[in-house]
Protein chains: 2
Amino acid sequence: MSIIVQKYGGTSVATIDKIKSVAKLLIKRKESGNNMVAVVSAMGKTTDKLISMANEISKDPSKRELDMLISTGEQVTSSLLAMTLKEMGHNSIALTGFQAGIMTGNQHTKAPILDIDIEKVKKYLSQGKIVIVAGFQGIDEYGDITTLGRGGSDTTAVALAAKLNCPCEIYTDVKGIYSTDPGIYPDAKKLDYISYEEMMEMASLGAKVIETRAVEMGRKYNVPIYIALNNGECLGTYIKEFDESMETKVITGLTANDDDLMVTINNVPYNMKHIYSIFDKLSSMDINIDMISQTAPVNGHVNISFTAPKDNRYLIDRLIDELKLTMNEIKVDIQEDITKISVVGLGMRTQSGVAARIFKIFADNNIEFKQVTTSEIRISYTINTKDKKKAISGIAKEFNL
Amino acid sequence: MSIIVQKYGGTSVATIDKIKSVAKLLIKRKESGNNMVAVVSAMGKTTDKLISMANEISKDPSKRELDMLISTGEQVTSSLLAMTLKEMGHNSIALTGFQAGIMTGNQHTKAPILDIDIEKVKKYLSQGKIVIVAGFQGIDEYGDITTLGRGGSDTTAVALAAKLNCPCEIYTDVKGIYSTDPGIYPDAKKLDYISYEEMMEMASLGAKVIETRAVEMGRKYNVPIYIALNNGECLGTYIKEFDESMETKVITGLTANDDDLMVTINNVPYNMKHIYSIFDKLSSMDINIDMISQTAPVNGHVNISFTAPKDNRYLIDRLIDELKLTMNEIKVDIQEDITKISVVGLGMRTQSGVAARIFKIFADNNIEFKQVTTSEIRISYTINTKDKKKAISGIAKEFNL
C-alpha cells in the first residue's frame, strides 16, 4: 500500500471547523487506498502569541525554554486532529516530534533534523492508523525539545517522506507557486512545475510558500513535492528534478522581499582589522546578513552596506553602539523602506543578457537600485520599496511571467 | 545543601506578572541556601480552555489525545518560569513530565505515578540550577504522554519530594486548611496542623485545597507538606503524621460538596441478577458512584439510591436508557440539588456519639437527610442544598470548629 505524507499549515488548521475539514480530506485519501501521515503546524497565530508571551519576559528569551514553549502549538493541533479522526470513526494517533523519532541538532530555535527513527510511524501505519505528527519540532541528544525554525513543519513533512520513500503534499492557503506575487502583479501565472533548484532560490527570497530547507531536503532525497490549496480542488504546483517535460524558461520566477533593512556604515577606516571586526560581530550576534557591498576606499575610508532582517533591528542597534566604541568616526544610515527584487531561472545558465534587460527596465522606469548580487540562476537587486510595483510589472511583462 | 520542592497552582501563575513574583520567591529561598525544585500548573483557566476545544470535537474525546493536548498547559508555564529566572540572572531549567523522569501507568487522564527516575533532576540541582517541572503529567511505558487527573500537580510535587527525601510546600490562593469553608461559615478557623489521615478524608470530600492522592503519597513516604498562600507572608497549615504536639479534637474538619447528584431507581425487581447489572454497568461506564443505599424489599421490589458526579450526568442518562430495555418497570428520579456534608476527625475513633449529636442538630433545625455513610474517622450525610448553610453553622457551633 502506498504512503502519502501531507502537511497542513497554520491557516488550514486555524479553527476546530478547519481541523474537521482536514480530517475529511485525510479520510478520503485513506479510503482510496493510501496510508496517510499528516504533519501539522500550530493553529493560526498560536506561535506568534506564545512568542509574544516570551517577549513580555525578555527581549532575547532563553532559546531552550523558547523551544519548549512554542513546540506546544503543534502538539495541540496534532492531538486535536487525531481526536477528530477518532471521533469520525477512523483509527489515528498523534505524535509529538520526539514520539515520531525526529532527532535534531541542539541549535535551539533553528535545529537541523539529523535523523528520524521511523519505526514507530511505520508500526502505526501498518496498524491502519492515520498518523498525525506535530511539525516544526524534534528532540536533541540531551532529551531537550528543539524547534526547526519558522516554516519548519515543511521540513518535518519532507524529511518524513524521504524516510518513508513516498511523495509529500503541502497544503496551504495559496493555489501553488506563482511566477511572481499575484497580489502585486495580478497577471502572474501559476506554475505547473518548478525544479528544486529554482524553488530553493525562490523560497529563500521570500516566496514564503515553502521553506528552503524543505526543498533542499526534497532535492537531496528526491522526494516529489506537491503544493496546493488545502481544499484539494484545483491543480497546484509540482516541485521535482528538472526534466525534459518541463519547458526551459529564461526566468521562472520573480520575488520581492520587504523583510530586510539596509545598513550603510560610512567612513570605516580601510584596514582589515576594522572591517573584519564588523563582520565578526555580526556573526557572533547571529545577525543573518545578506547582500553586502563596499565602496572603493577614499582617503583611507570605505562605506560598507549590507541587508539584514528587520526583526534583527535591536541587535543591529546594539552592534552599532559597540562599533562606535572603537571607531568613533563612523556614520551609520539605516534604511527600512527597501525591497529586494530577485529573478530566478535555470535558463540563466545558458542565456546571458538577463541583467542587461533588467537594467534597461530600471532605467526606462526611473528606478534607482542600490545593490546587485548574482548567483548561477539568480540575480537580486535592492531598490526603494516605493518602486516595487513598477519594477515587478516591468520585469513580469518583459519576461512573460 | 537542603532541597525544597514547591508547587505553584494555576492562580499563582495566571499571568506573566504572577510568574515573575513566583520567580522572586524561588530566588529568595535559593539565596538563603536551598536547592529549589518548583512544580507548576497550567496558567489560570488554560486547562479548561483546552478541554472545551476538545469538547467541540467530541463529548467523550480520545483520552490519549486529550492527555497530549492538556499537558501543553503545564509545559507552557514551566518554560515561561525558567525563562524568567534566567532573565533575572539565575540558572534554571524547565522539564516536561517525561524529561523529569515521571513514569506513570497508562490510564490516560488519571494515570498513577509508578516511579520517578530522579537522576536528571538531581544532576541539574547539583549544577546549581533551579529546576522547574511541568506538573500533572508523565509518560507511560509506550512513550505516550499521560496526565494524573485534576489537581495532579500536587501529586507530582509530593512524589518528587518523596524521591528527593525533602519537604514539599504547596502554594495556593487560600491561607491554608480551614476546619470548614470560611465562605459559608465566616468564623471557621485555619488549622495549624492536620494529620495525613484527616486531610485525606477532607480532600476527597471536596476541600479542594490539595489532591487526595498527594496526601496519600505524603503519608506513605512521610513527606512533610506545608500549604500556604502564594505570597508566603502568613502561616499556613502543616500536614504530617499525627503526633502528641497536635491536639486531639473530636472533629477537625467539616466539608460540603455540591458536585454530586443523587439517582434513585425505584421499583427494581429484587433479584441479584438485576441489582448486579446496575452496578456492573455503572462500573463499566466508569461512573464514579459514592454513597449507596437500598430500601428493604416490598412486593419483590426495592429502591436503590446512589450519588455520582454531576458531570457524569450524560453517562447516567445513557445508563438509565439501557436499564429500561431489560427492566421496563423501573421509575427513575434524579436530584441535582443535593449536598454532601461530612465531618472528619481522628477523635471519632475514641469518642462515640458524634452521629447522635449531628442527628439532633438536623432535627432541631428541621433538616431532612437522605443518606448516611460512615468510616472510621468520617460521617457523611446527603441533604438538600437549600439546608447547607444551616447544617454547616449548626455543626460548626456544636463542635467549635
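Side notes on the structure shown:
Residues are listed down the side, and each one gets a yes or a no for (1) away from every other protein chain (no Cβ under 14 Å); (2) in a helix (DSSP H, G or I); (3) touching a Gly at 6+ places or on another chain (Cβ under 9 Å):
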| residue | (1), (2), (3) |
| --- | --- |
| A:166 | yes, no, no |
| A:175 | yes, no, yes |
| A:184 | yes, no, no |
| A:203 | yes, yes, yes |
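- With respect to the stated conditions, residue A:131 is surrounded by 23 or more Cβ atoms within 10 Å (Cβ to Cβ), more than 8 Å from chain B (Cβ to nearest Cβ) and closer than 22 Å to residue B:141 by Cβ.
- The strands (runs of 3 or more DSSP E) located wholly in the range B:293-373 that include 2 or more residues which are surrounded by 16 or more Cβ atoms within 10 Å (Cβ to Cβ) and of a type in the set (S, T, N, Q) occupy B:301-309, B:338-344.
- Some residue of the range A:387-394 being touching a Ser or Thr at 6+ places or on another chain (Cβ under 7 Å) and either free of Cβ contacts under 8 Å to residues at least 12 places away in the same chain or loosely packed, with under 15 Cβ neighbours inside 10 Å (or both): no
- Filter pass, residue A:197 being of a type outside the set (Lys, Arg), within 15 Å of the chain's Cα centre (by Cα) and either surrounded by fewer than 23 Cβ atoms within 10 Å (Cβ to Cβ) or not in a helix (DSSP H, G or I) (or both): yes
- Residue A:223 falls short of the stated requirement of being over 22 Å from residue A:11 (Cα atoms), touching a residue at least 40 places away in the same chain (Cβ under 8 Å) and over 20 Å from the mean Cα position of the chain (by Cα).
- Residue match in the range B:98-111 (condition: more than 11 Å from chain A (Cβ to nearest Cβ), surrounded by 24 or more Cβ atoms within 10 Å (Cβ to Cβ) and β-branched (Val, Ile, Thr)): yes
- Residues in the range B:276-291 that are out of contact with any helix residue (DSSP H, G or I) (no Cβ under 8 Å at 6 or more places or on another chain) and either surrounded by fewer than 16 Cβ atoms within 10 Å (Cβ to Cβ) or farther than 18 Å from residue B:315 by Cα (or both): B:276, B:279, B:280, B:283, B:284.
- Strands (runs of 3 or more DSSP E) contained in the range B:1-96 and holding at least 1 residues touching a residue at least 40 places away in the same chain (Cβ under 8 Å), buried (at least 23 other Cβ atoms within 10 Å of the Cβ) and within 8 Å of chain A (Cβ to nearest Cβ): B:92-95
- Test result for residue A:121, crowded, with 24+ Cβ neighbours inside 10 Å, touching a Phe, Trp or Tyr at 6+ places or on another chain (Cβ under 9 Å) and away from chain B (no Cβ under 11 Å): no
Throughout, read-outs are computed from the coordinates displayed, never taken from laboratory work. Since the structure is predicted, the reported quantities are computational estimates derived from the model, not experimental observations. Note that each Cβ is placed from the backbone with ideal geometry, even for glycine, and that neighbours are counted across all protein chains shown.
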